[in-house]
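Engineer: Sharing a structure with you now.
Throughout, read-outs are computed from the coordinates displayed, never taken from laboratory work. Not measured: the values here are computed from a predicted model. Cβ placement follows ideal geometry from the backbone for every residue including glycine, while neighbour counts extend to all protein chains displayed.
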């Protein structure tokens with residue numbers, strides 16, 4: 001395998017991971033968890 005093929009495969013793999021993370025972050029089921037995590041710094045002990 002040529003180095004160009006390896007770099008291309010790595011680039012495509014990174015793109016797939018990025019798209020997966022973005023899809024997970026914008027999934028509607030996670031909204032409640034993110035809202036709770038966003039309020040944590042403001043919560044008093």
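Engineer: Residues being touching a helix residue (DSSP H, G or I) at 6+ places or on another chain (Cβ under 9 Å) and either touching a residue at least 12 places away in the same chain (Cβ under 8 Å) or surrounded by 10 or more Cβ atoms within 10 Å (Cβ to Cβ) (or both): count how many of those fall in segment 23-33. Talk me through it step by step, then tell me what you get.
Structural biologist: First, the residues of segment 23-33 that are touching a helix residue (DSSP H, G or I) at 6+ places or on another chain (Cβ under 9 Å): 24-25, 30.
Keeping just the survivors that are either touching a residue at least 12 places away in the same chain (Cβ under 8 Å) or surrounded by 10 or more Cβ atoms within 10 Å (Cβ to Cβ) (or both) gives 24, 30.
The number of residues fulfilling the criteria is 2.
Engineer: Could you tell me whether any residue of segment 6-22 is in contact with a helix residue (DSSP H, G or I) (Cβ under 8 Å, 6 or more places away or on another chain), in a helix (DSSP H, G or I) and surrounded by 10 or more Cβ atoms within 10 Å (Cβ to Cβ)?
Structural biologist: no
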